[in-house]
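Chemist: Following this message is one structure expressed as C-alpha cells.
The values are calculated or read from the model by the stated rules, or taken from the named source; none is laboratory data. Here the structure is a predicted model, which means the values were calculated and not measured. Backbone-built Cβ (ideal geometry, glycine too); neighbour counts: all protein chains shown. Heavy atoms of the whole protein, side chains included, go into the accessibility calculation; ligands, DNA and RNA do not. Shrake-Rupley method; radii C 1.70, N 1.55, O 1.52, S 1.80 Å.
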Amino acid sequence: MYNFKNDYSEGAHPRILDKLIETNLVQQSGYGEDEYAQQAKAILKEKLNNPDAGIYFVSGGTQTNLLAISFLLRVHEAVISAKTGHIAANETGAIEATGHKVITTETADGKLRSEDIANVLEAYALAPHVVKPRIVYISNSTEIGTIYTRDELKALFQFCQSHHLLLYLDGARLGHALTAENSDLTLAAISEYTDVFYIGGTKNGALLGEAIIFNKPELAIDFDYAIKQKGAMLAKGRILSIQFLELFKDDLYFDLARQANALAMRIASAVREKGYTFLTESTTNQLFPILPKKVIERLSQHYQFYNWKNIDAEHTAIRLITSWATDEEKVEAFIRDLQEA
C-alpha cells in the first residue's frame with residue numbers, strides 16, 4: 001500500500017537532518033534566542049520585503065492557529081472562516097475552546113471574498129448582543145486545493161482594512177500555493193496584503209515547524225508571553241530555526257513544493273485523459289478527482305487516499321496528496337492502474 005493521504009508521511013528532507021547532526025553539539029541559547037533563529041529571520045524578512053516583521057517559530061499548524069487567533073481576539077470577538085476552513089472543519093474546536101466563536105460561511109471553492117464577509121457583518125450587526133467579527137481566516141492553498149490570486153488577496157485585504165478587520169492567512173501549504181503554475185503571488189505580496197500569516201514547514205520538508213509572521217509589529221506586542229503561556233516555547237528552539245534556515249537560505253522550500261505540485265499535475269493529466277472530472281480545479285499538490293466507485297475500489301487495493309465526498313450513487317470524490325518525497329515510480333504505477341481500472 002502506498003500512501004497518498006497526506007504530505008507528511010515521510011520525515012524530513014536529508015539536508016535538514018544533515019544540518020541538525022552537523023550542529024548537534026554546538027552550544028546555543030535556548031527559547032528561540034539561538035543564532036540560527038536570527039539568521040533564518042533575517043532571510044525571511046528579506047524575502048518578505050518587510051524588515052519590521054515579527055517572526056516566531058512554533059511546532060505545528062493547529063498550535064499556530066490557536067496561538068495567533070486567540071491572541072488577536074478580545075473576549076467578545078469572533079473569527080470568520082469558510083465552512084471548509086481548517087479551524088472550522090478540523091482542529092477539535094481549538095478556537096471555540098478559548099471562548100471565541102468561529103463564524104462559518106459557505107463558499108463554492110473554499111475561498112472567501114468580500115461579499116461573503118459583508119454578508120457575515122450584516123448578520124452580526126446587532127451590537128452588543130452578538131459577537132463582534134474581528135478576524136477573517138483564509139488558507140492558501142485552501143483545504144480543497146484552490147489558491148488566491150494577487151488581485152483576490154488584495155481586494156480582500158482592502159475590504160478588511162475598510163471594515164476594521166484583521167486578515168489572517170493559514171499557510172500550512174503556502175509553498176504549494178506560491179509555486180502553483182497559475183500563481184501570481186509572492187511572499188512579499190502576502191506580507192503586504194495580510195496582517196498575520198504563517199509559513200508551513202511540516203507539510204513541505206521539515207520534521208515539524210511553522211513560522212508565524214506578524215506583518216505589523218504592533219500586533220505582536222507580548223506575543224512571546226502567549227507562546228510561553230500556552231506551552232509552545234521550545235527550550236531547544238534551534239530544532240525549529242535550523243530547519244527554516246536550511247529551507248530558505250537557497251529556496252529549497254520552493255523547490256520541494258514545486259516538485260510536489262508537478263507530481264500532482266501528472267496525476268491530474270491522467271485523470272482528465274480518462275474523461276473524469278474534479279470536485280475543485282486544483283493546481284497544487286491536493287487533488288479531488290471524481291471517480292466511479294468501482295474504480296476507487298480497485299485503486300484502494302494498492303493505494304491509500306481519503307474518500308472525500310459522495311457525488312451520487314456511482315461516483316465519489318477522493319483526495320490525493322503528493323509531497324516533495326512522493327515516489328515518482330509510485331505515481332506512474334498509480335497512473336497505469338487508473339488507466340487500466
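Chemist: Nearest 500 deg cm²/dmol is fine: what mean residue ellipticity at 222 nm does the chain get from its DSSP H runs of n ≥ 4 alone, each adding -39,500 (n - 2.57), divided by its residue count?
Modeler: -11500 deg cm²/dmol
Chemist: In addition: Among ILE221, ILE16, ILE213, which one moves the most in a GNM of the chain with springs linking Cα atoms closer than 10 Å?
Modeler: Ranking ILE221, ILE16, ILE213 by mean-square fluctuation puts ILE221 first.
Chemist: If you take the square roots of the eigenvalues of the alpha-carbon gyration tensor of the stretch 47-172 and sort them as a ≥ b ≥ c, do you get rounded (a/c under 1.5), prolate (a/b over b/c) or oblate?
Modeler: rounded
Chemist: Using alpha carbon centroids, what distance separates the stretch 208-273 and the stretch 71-133, in Å?
Modeler: So the separation of the two Cα centres works out to 24 Å.
Chemist: Still on this model: I'd like the carbon and sulfur percentage of the solvent accessible area for the stretch 75-214, probe radius 1.4 Å, heavy atoms only, ligands and nucleic acids excluded.
Modeler: 51
Chemist: If I build a Gaussian network model for the chain, linking alpha-carbon pairs within less than 10 angstrom, which residue out of LYS111, LYS101, LYS274 has the largest mean-square fluctuation?
Modeler: For the chain, modelled as a Gaussian network with Cα springs under 10 Å, the answer is LYS274.
Chemist: Would the chain count as rounded, prolate or oblate if I go by the C-alpha gyration tensor, calling it rounded below 1.5 in a/c and otherwise prolate when a/b exceeds b/c, oblate otherwise?
Modeler: Oblate shape, in that a/c is at least 1.5 and b/c is the bigger or equal ratio.
Chemist: When the chain is treated as a GNM, springs tying every alpha-carbon pair under 10 Å, which of ALA313, ALA82, ALA68 comes out with the largest mean-square fluctuation?
Modeler: ALA313
Chemist: How many percent of the accessible area of the stretch 2-68 is carbon or sulfur, using a 1.4 Å probe?
Modeler: 47
Chemist: Another question about this same structure. Quick check on the stretch 169-220: take the gyration tensor over C-alpha atoms, sort the square-rooted eigenvalues as a ≥ b ≥ c, and tell me if it's rounded (a/c under 1.5), prolate or oblate.
Modeler: oblate
Chemist: How much accessible area per residue does the chain have, counting only protein heavy atoms and a probe of 1.4 Å, in square angstrom?
Modeler: On a per-residue basis, the chain sits at 45 Å².
Chemist: Hey, got the dipole for the chain? About the Cα centre, +1 on K and R Cβ, -1 on D and E Cβ, debye to the nearest 20?
Modeler: 480
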